[in-house]
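Q: Input: one structure, supplied below.
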Amino acid sequence: MQIDNLIQTVLIYALPVLFAITVHEAAHGYVARYLGDNTAYVMGRVTLNPVKHIDPVGTILMPLMLYFATSGAFLFGYAKPVPVNFGHLRRPKRDMVWVALAGPASNFIQAILWAVAYTLLAGFDVTERFFLEMAKAGVLVNLVMWAFNLFPLPPLDGGRVLVGLLPRRAAWALSRVEPWGFFIVLGLVLVGVVGSLWLRPLIGLGYAGLDLLLTPLNALFR
(Lines give C-alpha, C1' and ligand atoms only; values in the text may rest on other atoms or scores of the structure.)
Protein backbone atom coordinates (compact mmCIF):
# COMPACT_ATOMS: atom_id res chain seq x y z
CA MET A 1 0.00 0.00 0.00
CA GLN A 2 1.40 3.39 -0.98
CA ILE A 3 2.31 5.70 1.89
CA ASP A 4 0.18 8.59 0.57
CA ASN A 5 -2.92 6.35 0.46
CA LEU A 6 -2.17 5.12 3.96
CA ILE A 7 -1.87 8.66 5.34
CA GLN A 8 -5.08 9.72 3.63
CA THR A 9 -6.95 6.70 5.02
CA VAL A 10 -5.65 7.36 8.54
CA LEU A 11 -6.72 11.01 8.34
CA ILE A 12 -10.18 10.07 7.06
CA TYR A 13 -10.77 7.57 9.85
CA ALA A 14 -9.01 9.37 12.73
CA LEU A 15 -11.83 11.71 13.76
CA PRO A 16 -14.67 9.16 13.45
CA VAL A 17 -12.67 6.59 15.44
CA LEU A 18 -11.80 9.08 18.20
CA PHE A 19 -15.42 10.18 18.53
CA ALA A 20 -16.71 6.60 18.39
CA ILE A 21 -14.40 5.41 21.17
CA THR A 22 -14.68 8.49 23.37
CA VAL A 23 -18.46 8.81 23.32
CA HIS A 24 -18.89 5.04 23.74
CA GLU A 25 -16.81 4.90 26.91
CA ALA A 26 -18.17 8.16 28.34
CA ALA A 27 -21.73 6.87 27.81
CA HIS A 28 -21.02 3.85 30.00
CA GLY A 29 -19.73 6.10 32.78
CA TYR A 30 -22.55 8.63 32.48
CA VAL A 31 -25.30 6.00 32.70
CA ALA A 32 -23.52 4.24 35.57
CA ARG A 33 -23.35 7.53 37.46
CA TYR A 34 -27.04 8.21 36.77
CA LEU A 35 -27.91 4.76 38.14
CA GLY A 36 -25.87 5.13 41.33
CA ASP A 37 -22.20 4.31 40.64
CA ASN A 38 -19.76 7.25 40.74
CA THR A 39 -16.62 5.17 40.15
CA ALA A 40 -15.96 6.38 36.59
CA TYR A 41 -16.87 9.97 37.46
CA VAL A 42 -14.47 10.08 40.43
CA MET A 43 -11.69 8.71 38.19
CA GLY A 44 -12.35 11.40 35.55
CA ARG A 45 -13.64 8.96 32.94
CA VAL A 46 -17.05 10.59 32.38
CA THR A 47 -15.52 12.96 29.85
CA LEU A 48 -15.31 13.58 26.12
CA ASN A 49 -11.54 14.03 26.36
CA PRO A 50 -10.24 11.18 24.15
CA VAL A 51 -6.91 11.04 26.02
CA LYS A 52 -8.74 9.61 29.04
CA HIS A 53 -10.07 6.67 27.02
CA ILE A 54 -7.20 5.85 24.63
CA ASP A 55 -5.14 2.75 25.37
CA PRO A 56 -1.70 3.20 23.74
CA VAL A 57 -1.49 -0.44 22.72
CA GLY A 58 -5.13 -1.31 22.02
CA THR A 59 -6.22 1.95 20.41
CA ILE A 60 -3.10 2.97 18.49
CA LEU A 61 -0.33 0.37 18.21
CA MET A 62 -2.38 -2.79 17.58
CA PRO A 63 -4.69 -1.31 14.88
CA LEU A 64 -1.74 0.29 13.05
CA MET A 65 0.29 -2.95 13.13
CA LEU A 66 -2.66 -4.96 11.84
CA TYR A 67 -3.39 -2.35 9.17
CA PHE A 68 0.18 -2.57 7.83
CA ALA A 69 0.38 -6.35 8.19
CA THR A 70 -2.89 -7.06 6.35
CA SER A 71 -2.95 -4.03 3.99
CA GLY A 72 -6.13 -2.85 5.67
CA ALA A 73 -7.97 -6.16 5.37
CA PHE A 74 -8.21 -6.76 9.12
CA LEU A 75 -8.37 -4.34 12.03
CA PHE A 76 -8.86 -4.90 15.72
CA GLY A 77 -8.45 -2.67 18.74
CA TYR A 78 -9.87 -1.56 22.05
CA ALA A 79 -10.01 1.39 24.44
CA LYS A 80 -9.53 1.59 28.20
CA PRO A 81 -12.70 0.10 29.70
CA VAL A 82 -14.65 2.50 31.91
CA PRO A 83 -14.58 1.21 35.50
CA VAL A 84 -18.03 0.32 36.82
CA ASN A 85 -18.73 -1.10 40.27
CA PHE A 86 -21.96 -2.95 39.60
CA GLY A 87 -22.49 -3.43 43.34
CA HIS A 88 -22.98 0.34 43.68
CA LEU A 89 -25.83 0.42 41.17
CA ARG A 90 -29.27 0.83 42.70
CA ARG A 91 -30.55 -2.39 41.11
CA PRO A 92 -27.33 -4.14 39.99
CA LYS A 93 -28.74 -6.90 37.77
CA ARG A 94 -31.20 -4.66 35.94
CA ASP A 95 -29.00 -1.57 35.81
CA MET A 96 -26.06 -3.58 34.44
CA VAL A 97 -28.10 -3.99 31.24
CA TRP A 98 -28.60 -0.23 30.82
CA VAL A 99 -24.95 0.57 31.54
CA ALA A 100 -23.82 -2.04 29.00
CA LEU A 101 -26.29 -0.89 26.33
CA ALA A 102 -25.24 2.77 26.68
CA GLY A 103 -22.01 2.28 24.70
CA PRO A 104 -23.47 0.53 21.62
CA ALA A 105 -26.47 2.88 21.68
CA SER A 106 -24.13 5.88 21.54
CA ASN A 107 -22.42 4.36 18.49
CA PHE A 108 -25.70 3.83 16.65
CA ILE A 109 -26.70 7.44 17.38
CA GLN A 110 -23.33 8.60 16.01
CA ALA A 111 -23.87 6.46 12.90
CA ILE A 112 -27.17 8.28 12.36
CA LEU A 113 -25.46 11.67 12.74
CA TRP A 114 -22.67 10.78 10.29
CA ALA A 115 -25.26 9.46 7.84
CA VAL A 116 -27.19 12.73 8.13
CA ALA A 117 -23.93 14.62 7.51
CA TYR A 118 -23.22 12.56 4.38
CA THR A 119 -26.76 13.07 3.08
CA LEU A 120 -26.53 16.83 3.58
CA LEU A 121 -23.10 17.05 1.95
CA ALA A 122 -24.24 15.03 -1.06
CA GLY A 123 -27.58 16.83 -1.18
CA PHE A 124 -25.91 20.25 -1.37
CA ASP A 125 -23.51 18.97 -4.05
CA VAL A 126 -20.37 19.13 -1.93
CA THR A 127 -17.75 17.36 -4.03
CA GLU A 128 -14.80 17.43 -1.61
CA ARG A 129 -13.96 13.71 -1.42
CA PHE A 130 -12.24 13.96 1.97
CA PHE A 131 -15.37 15.10 3.81
CA LEU A 132 -17.65 12.66 1.98
CA GLU A 133 -15.30 9.76 2.76
CA MET A 134 -15.03 10.86 6.41
CA ALA A 135 -18.81 10.85 6.77
CA LYS A 136 -19.00 7.37 5.21
CA ALA A 137 -16.18 6.22 7.50
CA GLY A 138 -18.08 7.61 10.50
CA VAL A 139 -21.10 5.50 9.61
CA LEU A 140 -19.03 2.34 9.10
CA VAL A 141 -16.86 2.73 12.20
CA ASN A 142 -19.84 3.27 14.47
CA LEU A 143 -21.89 0.44 12.99
CA VAL A 144 -18.91 -1.90 13.44
CA MET A 145 -18.49 -0.81 17.08
CA TRP A 146 -22.24 -1.08 17.66
CA ALA A 147 -22.44 -4.59 16.22
CA PHE A 148 -19.16 -5.92 17.64
CA ASN A 149 -19.85 -4.75 21.19
CA LEU A 150 -23.28 -6.41 21.13
CA PHE A 151 -21.66 -9.84 20.65
CA PRO A 152 -23.16 -11.88 23.52
CA LEU A 153 -20.03 -12.88 25.39
CA PRO A 154 -18.44 -11.12 28.38
CA PRO A 155 -16.54 -8.81 28.66
CA LEU A 156 -18.24 -7.30 25.59
CA ASP A 157 -21.34 -5.22 26.23
CA GLY A 158 -23.64 -7.81 24.70
CA GLY A 159 -22.31 -10.39 27.14
CA ARG A 160 -23.03 -8.11 30.08
CA VAL A 161 -26.54 -7.47 28.74
CA LEU A 162 -27.08 -11.24 28.55
CA VAL A 163 -25.77 -11.70 32.12
CA GLY A 164 -28.25 -9.08 33.30
CA LEU A 165 -31.18 -10.75 31.50
CA LEU A 166 -30.53 -14.42 32.27
CA PRO A 167 -31.77 -16.19 35.44
CA ARG A 168 -29.24 -15.98 38.25
CA ARG A 169 -27.74 -19.46 37.86
CA ALA A 170 -27.27 -19.13 34.09
CA ALA A 171 -26.02 -15.55 34.52
CA TRP A 172 -23.43 -16.70 37.06
CA ALA A 173 -22.23 -19.45 34.71
CA LEU A 174 -21.86 -17.03 31.81
CA SER A 175 -20.10 -14.40 33.93
CA ARG A 176 -17.38 -16.95 34.78
CA VAL A 177 -16.29 -16.81 31.12
CA GLU A 178 -15.29 -13.13 31.41
CA PRO A 179 -11.58 -13.60 32.33
CA TRP A 180 -11.08 -15.54 29.08
CA GLY A 181 -13.81 -13.86 27.05
CA PHE A 182 -11.51 -11.45 25.22
CA PHE A 183 -9.28 -14.29 23.98
CA ILE A 184 -12.29 -16.37 22.96
CA VAL A 185 -13.74 -13.46 20.99
CA LEU A 186 -10.36 -12.71 19.37
CA GLY A 187 -10.08 -16.36 18.33
CA LEU A 188 -13.60 -16.29 16.86
CA VAL A 189 -12.68 -13.10 14.99
CA LEU A 190 -9.52 -14.65 13.54
CA VAL A 191 -11.33 -17.75 12.25
CA GLY A 192 -14.06 -15.59 10.72
CA VAL A 193 -16.99 -16.67 12.89
CA VAL A 194 -17.70 -13.21 14.31
CA GLY A 195 -17.37 -11.52 10.94
CA SER A 196 -19.51 -13.87 8.86
CA LEU A 197 -22.17 -14.92 11.38
CA TRP A 198 -22.49 -11.77 13.49
CA LEU A 199 -20.94 -8.57 12.14
CA ARG A 200 -22.02 -8.75 8.50
CA PRO A 201 -25.70 -9.56 9.19
CA LEU A 202 -25.97 -7.01 12.00
CA ILE A 203 -24.15 -4.25 10.08
CA GLY A 204 -26.41 -4.94 7.10
CA LEU A 205 -29.40 -4.55 9.39
CA GLY A 206 -27.88 -1.31 10.70
CA TYR A 207 -27.50 0.14 7.20
CA ALA A 208 -31.09 -0.85 6.40
CA GLY A 209 -32.25 0.91 9.56
CA LEU A 210 -30.32 4.05 8.63
CA ASP A 211 -31.82 4.06 5.13
CA LEU A 212 -35.27 3.85 6.67
CA LEU A 213 -34.60 6.62 9.20
CA LEU A 214 -33.17 8.92 6.53
CA THR A 215 -35.94 8.36 4.00
CA PRO A 216 -37.62 11.76 4.74
CA LEU A 217 -34.28 13.61 4.46
CA ASN A 218 -33.33 11.84 1.23
CA ALA A 219 -36.73 12.75 -0.22
CA LEU A 220 -35.93 16.46 0.20
CA PHE A 221 -33.01 16.25 -2.24
CA ARG A 222 -34.75 14.29 -4.97
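The values are calculated or read from the model by the stated rules, or taken from the named source; none is laboratory data. A quick note: this is a predicted structure, and the numbers were derived from the prediction, not measured. FYI the Cβ positions are ideal-geometry reconstructions off the backbone, even for glycines, and counts take in every protein chain you see. Just so you know, the surface numbers come from the protein's heavy atoms only, side chains and all, with ligands and any DNA or RNA stripped out. Shrake-Rupley method; radii C 1.70, N 1.55, O 1.52, S 1.80 Å.
Q: Would you mind calculating the relative contact order of the range 78-198 from Cα pairs under 8 angstrom and at least 6 residues apart, reporting the percent as a whole number?
A: On the way: 116 pairs, mean separation 29.9, N = 121.
After rounding, I find 25 percent.
Q: Another one. Cα centroids of the range 180-222 and the range 1-46: how far apart, whole angstrom?
A: For the range 180-222 versus the range 1-46, the Cα centre distance is 19 Å.
Q: Find the accessible area per residue for the chain; the probe is 1.4 Å, ligands and nucleic acids are left out, and the unit is Å².
A: Solvent-accessible surface per residue comes out at 57 Å².
Q: Quick check: convex hull of the Cα atoms in the chain, volume per residue, rounded to a whole Å³?
A: Taking the convex hull of the Cα positions in the chain, it is 139 Å³ per residue.
Q: Per 0.36 nm of contour for each residue apart, how much would the distance between F124 and L190 grow if the chain were fully extended, relative to their Cα-Cα spacing?
A: Going from the current span to full extension adds 19.6 nm.
Q: A further question on this structure: Assuming R0 = 22 Å, what is the FRET efficiency of A219 and V10, from their Cβ-Cβ distance, to the nearest 0.05? It would help to have the intermediate numbers written out before the result.
A: Numbers: r = 35 Å, r/R0 = 1.61.
Taking R0 as 22 Å, the efficiency between A219 and V10 is 0.05.
Q: Give the calculated FRET efficiency between D211 and E133 to the nearest 0.05, with a Förster radius of 30 Å applied to their Cβ-Cβ distance.
A: 0.95
Q: Output the direction-averaged projected area (hull surface divided by four) of the convex hull of the alpha-carbon atoms of the range 153-196, in nm².
A: Working: hull surface 12.0 nm².
That works out to 3.0 nm².
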